[in-house]
Amino acid sequence: MDLSAFFEAVRDVLSLVLGSSSTAILSAVGLVLLLLTGVMAYIAVKSKPEELSTFVKVALFVCLVGGLLFSAAGPALALFYVSQNPIQTKKVDQAFDDLINNNRVNYVMRLIAFDPIERPELGIDQLERLGPPKQVYSFVANYNELVGLSVKSALEKIGSSYQPGQHVSAVIFPLRTRLYPANARGLLQVINDVEANSTLEAKEKFFANAALSPEELEDLKDFGIRTYRVDEFKNHYPRYCQLAHDFFCGKALSRDFVGGLYPDWHPLGFSQKDPPPKPCNIPVKEFCAFSDWKQARSDWLGKFWSRAFLIKNLEIKRIPGRILASFEEPDRNVIPDIGAR
């Protein structure tokens with residue numbers, strides 16, 4: 001027998017049982033009762049038959065039966081939960097840890113809600129690009145954070161609005177091109193690339209009035225996965241965030257080329273639940289406040305929806321490994337598990 005497969009199976013069972021407080025409590029109670037059974041059994045073995053009290057006999061029986069029942073009830077309830085929703089969704093704590101460490105993304109997803117009568121061109125059979133033609137970069141989400149959710153809930157997590165009667169087009173694909181975490185640093189890299197390759201006059205560019213220092217320019221040339229961890233550019237973060245805020249709240253012409261900068265966007269790189277209606281009225285110091293991740297977790301975990309990313313506005317038919325889907329009942333349809341995370 002392959003021991004690695006055995007231990008992998010044990011780990012999966014434990015994660016199922018411990019993934020819910022109710023199943024974990026049942027299993028813990030069962031374990032305690034079985035331990036008490038061992039104690040009672042030891043007392044019974046060490047005692048003479050005539051000295052063994054009725055209490056010990058009854059306790060031994062109750063602990064043994066109860067321990068077996070509770071120990072079986074935990075995994076059984078976990079399996080029942082799985083049968084009701086067989087696709088395991090990613091926990092918010094895990095997704096927030098991924099944000100902190102900028103953990104690698106393997107598959108991304110683009111969701112587009114549309115009115116099938118007024119905007120039929122956004123149907124999956126007619127969709128040509130990830131975003132509108134004018135966009136150079138479009139927002140996408142980590143597929144792993146959305147799988148198993150209803151399509152309506154997935155739209156909420158990425159900060160997109162949904163109206164009853166709308167349909168949703170979905171594009172899921174493996175990452176084969178550069179992906180920018182949409183924190184303040186990633187956004188500045190995208191702006192820089194957009195303006196460097198645009199026909200905008202120099203005076204019309206955002207960076208014409210927001211010059212970067214040589215040190216900042218050098219830092220933004222690094223696209224290594226570790227460089228997007230906020231801790232890696234913490235000294236630059238206040239300046240980067242201020243520039244990102246100016247772009248987010250300003251009227252730079254290049255803003256039209258970067259899609260999806262809505263009020264739910266947070267400069268640490270995520271979509272936030274119940275965003276402020278007018279984030280640009282928030283003082284920059286408060287908007288960009290960051291001391292460490294411990295404090296950030298305390299402040300933002302309850303408002304965290306999902307990580308946000310920017311990617312080139314790709315032509316869909318040229319995306320290798322793409323999976324296309326159309327959802328006509330977003331409140332009932334579920335983001336499918338494609339067998340790859």
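The values are calculated or read from the model by the stated rules, or taken from the named source; none is laboratory data. Keep in mind that this is a model prediction, so the values were computed, not measured. So basically every Cβ, Gly included, is an ideal-geometry build from the backbone, and we count neighbours across all protein chains shown.
Within 24 Å of residue 228 (Cα to Cα) and part of a strand (DSSP E or B): is that true of residue 112 in this structure? When the stated conditions are applied, residue 112 does not pass them. Might you check whether a residue that is aliphatic (A, V, I, L, M), closer than 27 Å to residue 100 by Cβ and crowded, with 16+ Cβ neighbours inside 10 Å occurs anywhere in segment 194-206? Within segment 194-206, none of the residues are aliphatic (A, V, I, L, M), closer than 27 Å to residue 100 by Cβ and crowded, with 16+ Cβ neighbours inside 10 Å. How about segment 312-327: which of its residues are within 19 Å of residue 147 (Cα to Cα) and in a strand (DSSP E or B)? Once the filter is applied, which keeps residues that are within 19 Å of residue 147 (Cα to Cα) and in a strand (DSSP E or B), segment 312-327 yields 323, 324, 325, 326, 327. Checking each residue in segment 268-311 for being in a loop (DSSP other than H, G, I, E, B), free of Cβ contacts under 8 Å to residues at least 40 places away in the same chain and farther than 22 Å from residue 139 by Cα picks out 282, 283, 289, 291, 292.
For residue 159, are the conditions met, namely being at positive phi, in contact (Cβ under 8 Å) with a residue 60 or more places away in the chain and part of a loop (DSSP other than H, G, I, E, B)? Taking the combined requirement at face value, the residue satisfies it. Of everything in segment 191-235, what is part of a loop (DSSP other than H, G, I, E, B) and either within 22 Å of residue 105 (Cβ to Cβ) or among the basic types (Lys, Arg) (or both)? Give them in sequence order. Correct list: 205, 221, 222, 223, 224, 229, 234. Taken as a whole, the condition of being touching a residue at least 60 places away in the same chain (Cβ under 8 Å) and of a type in the set (S, T, N, Q) applies to residue 106.
Please go through segment 236-261 and give me each residue that is at pLDDT below 95, part of a loop (DSSP other than H, G, I, E, B) and under 26 Å from the mean Cα position of the chain (by Cα), ordered by number. Hits for segment 236-261 are 259, 260, 261.
Would you confirm whether or not segment 205-226 contains a residue that is closer than 23 Å to residue 305 by Cβ and in the same structural domain as residue 185 (by TED's automatic domain parsing)? Yes, segment 205-226 contains at least one residue that is closer than 23 Å to residue 305 by Cβ and in the same structural domain as residue 185 (by TED's automatic domain parsing). So which residues in segment 209-226 are small (Gly, Ala, Ser) and without any contact (Cβ under 8 Å) to a residue 12 or more places away in the chain, if there are any at all? Listed by number, the residues that qualify are 211, 213, 224.
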